[in-house]
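Here the structure comes first, spelled out in structure tokens, and everything after it is commentary.
The values are calculated or read from the model by the stated rules, or taken from the named source; none is laboratory data. Only a predicted model underlies this, so the values are computations on that prediction, with no experimental measurement involved. Here the Cβ positions follow ideal geometry from the backbone for every residue, glycine too, while neighbour counts run over all protein chains shown.
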Amino acid sequence: MSSAVMTALDLSVLHSIVSLVRHVLFTTNYSPTYSCWGVITMTERFSAWLTINRACNLRCGWCYAQMMQYRGQENMTMETAEQVTGLFRGLGVRSVIIIGGEPTIHPHFFSIVELIRKQGMSPLLVTNSVRFADVRFLKRTVDAGIRSITTSLKGASNEQYQRLTGRPVFQQVLSAIRHIEVLRAAKVLTHKVSVTVCPDIIGHFDELLHAIQECGTRELRNLVQHPRRL
């Protein structure tokens, strides 16, 4: 099912799922998971994951987005974003975690963030942070409504980034992290760094930790083990 088009049948199925989840919510203590355009998990915060594209400015060998060949045609339309976030709001979702691909390169990224905020939900972001090396782009992102950023770090040097992602942008990402940390220190937003752990990174983990600590980062979470050597 393409994320660019939502048919009447798709909407009918989604509405049926919404009815079922609502029934479960109000009649049991079960913690359901709802999955279609995103994943809704029943937690105290009741958050939803929203995948808005498969396009990316990196080419990580382990990424699921490569199955869609990083096609821009897979960008979520504003119409679909309005429909899906409307369903989220109807379910009582409090925060929406925006992911990709790389969500910051979506042509309507700011509009989607604003849409989520105007629907009364908190937009959170998972990103490779490459675009946040431009402090003006970061400011526009904050102005749109983002108050939490998770930076996904892919390596410990420009050489590792070149080999693992196809682009030598490690220093650019560190610059982005510094910009974000200034805002975190000012209590404008929260920020954490996640690392995809693979054999290529293990031997350089101390260097990676030192680099992000030098940038001011105080939270390292969501370590994901990737078992295959690239």
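If you take the residues of the stretch 94-115 that are touching a Lys or Arg at 6+ places or on another chain (Cβ under 9 Å) and among the β-branched types (Val, Ile, Thr), which of them is surrounded by the fewest Cβ atoms within 10 Å (Cβ to Cβ)?
Ile105
Right, Ile149: in contact with a strand residue (DSSP E or B) (Cβ under 9 Å, 6 or more places away or on another chain) and either of a type in the set (A, V, I, L, M, F, W, C) or touching a residue at least 24 places away in the same chain (Cβ under 8 Å) (or both) or not?
It is true that Ile149 is in contact with a strand residue (DSSP E or B) (Cβ under 9 Å, 6 or more places away or on another chain) and either of a type in the set (A, V, I, L, M, F, W, C) or touching a residue at least 24 places away in the same chain (Cβ under 8 Å) (or both).
Restricting attention to the stretch 14-31, does a residue exist that is modelled with pLDDT under 95, under 25 Å from Lys192 (Cα atoms) and of a type in the set (Val, Ile, Thr)?
no
Give the residue, chosen from Thr127, Thr80, Thr141, that is farther than 26 Å from Ala186 by Cα, of a type in the set (Ser, Thr, Tyr) and crowded, with 17+ Cβ neighbours inside 10 Å.
Thr80
What number of residues in the stretch 164-200 are among the hydrophobic types (A, V, I, L, M, F, W, C) and over 22 Å from the mean Cα position of the chain (by Cα)?
Residues flagged as among the hydrophobic types (A, V, I, L, M, F, W, C) and over 22 Å from the mean Cα position of the chain (by Cα) within the stretch 164-200 amount to 1.
Please specify each residue of the stretch 164-180 satisfying the condition of being part of a helix (DSSP H, G or I) and out of contact with any Asp or Glu (no Cβ under 7 Å at 6 or more places or on another chain).
Thr165, Phe170, Gln171, Gln172, Val173, Leu174, Ser175, Ala176, Ile177, Arg178, His179, Ile180
Give the residues of the stretch 217-230 that are part of a loop (DSSP other than H, G, I, E, B), closer than 25 Å to Ser122 by Cα and modelled with pLDDT under 85, sorted by residue number.
Hits for the stretch 217-230 are Arg218, Glu219.
Quick one: how many residues across the stretch 53-86 are in a helix (DSSP H, G or I), touching a helix residue (DSSP H, G or I) at 6+ places or on another chain (Cβ under 6 Å) and at pLDDT below 90?
2
Residue by residue, here is whether (1) modelled with pLDDT of 95 or more; (2) surrounded by fewer than 17 Cβ atoms within 10 Å (Cβ to Cβ); (3) not polar (S, T, N, Q) holds:
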| site | (1), (2), (3) |
| --- | --- |
| Gly166 | no, yes, yes |
| His179 | yes, no, yes |
| Leu183 | yes, no, yes |
| Val188 | yes, yes, yes |
| Val193 | no, no, yes |
| Thr196 | no, no, no |
| Ile202 | no, yes, yes |
| Asp206 | no, yes, yes |
| Ile212 | no, no, yes |
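Quick check on the stretch 121-130. Is at least one of its residues assigned to a helix (DSSP H, G or I) and in contact (Cβ under 8 Å) with a residue 40 or more places away in the chain?
Yes: the stretch 121-130 contains one or more residues that are assigned to a helix (DSSP H, G or I) and in contact (Cβ under 8 Å) with a residue 40 or more places away in the chain.
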